[in-house]
Structures are given as structure tokens and as C-alpha cells.
Amino acid sequence: MKPRKINDRVYWMGAIDWDRRLFDSLIPLPDGTSYNAYLIQGSEKTVLLDTVDPTMVDVLLSQLEGVSRIDYVIAHHAEQDHSGAIPHVLERYAGAKVLTTPKGKGMLMDLLHIPEGRIIAVEDGETLSLGDRTLEFIFAPWVHWPETMVTYLQEDHILFSCDLFGSHLATSDLYATDEARVYEAAKRYYAEIMMPFRKVIQRNMEKIGEREIALIAPSHGPVYNRPNFILEAYEDWISDEPRNVVVLPYISMHGSTRKMVEYLVGALAEQGITVYQFDLAVTDIGKLAAALVDAATIVVGTPTVLGGPHPIVAYAALLANALRPKLKFASVIGSYGWGGKAVDQIAGAISSLKVEILEPVLCKGLPREGDFEALNRLAATIASKHQEHNLA
Ligand code: FEO
């Protein structure tokens, strides 16, 4: 794809990665992704903001063929999907310098072996004149690495936000025109990448919010020409209050745990609670992560295997623990053949979540009448806890 004009001074560049299906060897990408770079040609200086994943460096270099001079490359973030092509750009433009945060400088030297003499560290709030345009660098640490910053183009009111507000979505649309589709992709992306840093994002958004913003240009997914769409979504996702939602990931080997799960889902639905049921044997963990953004309660369903939870359930519990959603309650249900410590091990796996553990329901073999009654009591307890918190 050729460079795309945003205005007389600003162009989108980068690569659409339609076929990528996994990020960080962990995160599923059902809709691919993009690596967005942006070129700003001021009356005196030209800058390139971020680059592309090293696998697509040729795409960027081809887009730059008509650009005779680059004075600065802005590296908002040292992760290679944005920084990986910087060495190639520096090789082509011998006079170009990289501008980044002090932490970013060390990381670019470590990760990409960029010579120290080609990197200039900027300060938080520092501005750079391009002649008739002015860039302001705003440090935004932990979105999602410690060295991250964003750039504000003052005259055009454009925020270049790098990973923040991004979406893993390959699309030929320059702008977020299909907002329903972008919302799903951006929420999933938030859940997988940003949610562990929810509190820091709250502070960063307050800092960014002091500026008038006409356009948000992230480094993944389409550009937001209606910034309030994504800003309001983030305000909701990072808020402290969860919704009246239960997430129920489970594994069942011979059907007993599944009977319990289905019964509990029905009982919770009768209490007016929205439930997301995920069979971990087949589920996409990105969907599970996205459901956790709003959930107040997680109930983990597991059979006992080798004295503990099923390993896939243990993995999901560790993942939920790492993503740190705003859950308030947790419980475990499941079936065992001859005992074990599934509940203790699940509770240990989610120890970073500040949740109240509700009475688990475990049964021996196929559930009996008394087990279903215990599931009814668990559903009633969850409903009553949610009501105490006035969850909508
Ligand atoms: Fe898109 Fe953290 O890199």
C-alpha cells in the first residue's frame, strides 16, 4: 500500500499484516494487524514516527522512496514491531537521528544495537519545531513497556499514541469507519496488552486529556477521526467498577464438570446476570481476555487431574492473574474422582487478583441433586454480592 495522506503535512505509512495470526507467540490475531508509521513534513524538518515490524521492512522502504531526507525518527516504543526497521531507515538516511525517551535509548541500543551516537533522549514535555509544525513529546510509561511515550502535533491536534488505543485489525480503511468492528478489536487488544496497566493508563489519560485532540493515530489498526469513540471506550474499560457479568472458563474431560457449568450458567442467567461460558479446549483466549474486561466474577470449572486442576485450566487462571482484570469475586466448581487440591491450586494461581473467594462446589463423579442445590446457592451468593455493589 502507498503512503496515505492525512493532511498536507501528515501521511500514514506502514504495513498491513493481513496474515499474521499470533503475536508474542501468545496472542491470537484473528483479524491480522498493522504496523503504522507516520511521516510529517514540516517546512524545515521531516520526521518519521515509528517504523514497522522487521518482517515488513521492504514495504516501508518502498514507501519512503520519494522522501529525500528524514531528520528524525521518533521511537515511541522500543518493541520490535515498531522499532525493528529503524536500523534500515538510519542506514538509508545517514543524517537522521532517533528521538526517544531516556529509557527507550538504552532499550534501542540493547535490542537493535543502534549506535548511541544516533540516538537523542528527549525530556517529558519537550517540543521540537519542524518549522511550521511543532511536536510535543509526552511520556506515557507502561503502555505497555516502561519506556513508552506519545507525540502530540500541536497545530493539527493529532495524537500519535503508538500502542495506546491501538487495535490488532488489518483493514484497508485508513479511519475507524466501521466502529462496531473496531470496538471489538480494540477491546480485545486492550484486554491482552493494556489491562494489566489499568491504573497507569488512568493517569496517562488524564495527562493526555489536557490537550485538544482532533485525531488519534495509533501504531496498530485504523486512525480515529472521531477520537471520543476510543477515549470513551477506554474510560469505560479502565474504570474501577465492573459490570454484572460472570466469566466461566472450564475444561471437562468426561462431561461431569460440563454438567455443572451448564447448570450454573442457567442459574446465573435466571438471576439476571450476563455469563460468558468458555470451553478452554476450543476457546480463543483473546475472547476470554476481552470478557474479563467488564466481569465482576470469575468461576473456574475444572476436573481434578493428577491431584490438581486440569493443566489448561491452570494456564487460563495464570493468564487471568497476569491480566489483572477488575474482578471482585472468584470461585471454583468441578468434579473429582478420588480427591486432590484443585481449589487450593487455582486460588494460588490467581493470587494477584484482589478477589473474595466464594464457597467452591466440588462433586465426586457425576453431579447429584445436592450438588445442583449447591450450585443454586453459589448463583444466589454471586447475585447478592453483585447487588451489594450495585453492578449494572
Ligand atoms: Fe505494538 Fe508493544 O508493540
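So the values come out like this:
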item	result
Unique residue being open to solvent by less than 10 Å² (accessible area, probe 1.4 Å) and either acidic (Asp, Glu) or touching a strand residue (DSSP E or B) at 6+ places or on another chain (Cβ under 8 Å) (or both) when the list is 252, 167	167
Residue 173 more than 14 Å from the ligand (Cβ to nearest atom), free of Cβ contacts under 8 Å to residues at least 40 places away in the same chain, open to solvent by 20 Å² or more (accessible area, probe 1.4 Å) and assigned by TED's automatic domain parsing to the domain that holds residue 142	no
Selection status of residue 135, closer than 29 Å to residue 109 by Cα, over 24 Å from the mean Cα position of the chain (by Cα), buried (at least 16 other Cβ atoms within 10 Å of the Cβ) and aliphatic (A, V, I, L, M)	yes
Qualifying residue in segment 275-284 (condition: open to solvent by 50 Å² or more (accessible area, probe 1.4 Å), without any contact (Cβ under 8 Å) to a residue 60 or more places away in the chain and among the β-branched types (Val, Ile, Thr))	yes
Matching residues, segment 379-392, being touching a Ser or Thr at 6+ places or on another chain (Cβ under 9 Å) and either surrounded by 20 or more Cβ atoms within 10 Å (Cβ to Cβ) or among the hydroxyl-bearing types (Ser, Thr, Tyr) (or both)	381, 382, 386
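The values are calculated or read from the model by the stated rules, or taken from the named source; none is laboratory data. Just so it is clear, the structure is predicted and the values come from calculations on it, not from any experiment. Here the Cβ is made from the backbone with ideal geometry for all residues, glycine too, and neighbour counts use every protein chain on show. Accessible surface areas use protein heavy atoms only, side chains included; no ligands, DNA or RNA. Shrake-Rupley method; radii C 1.70, N 1.55, O 1.52, S 1.80 Å.
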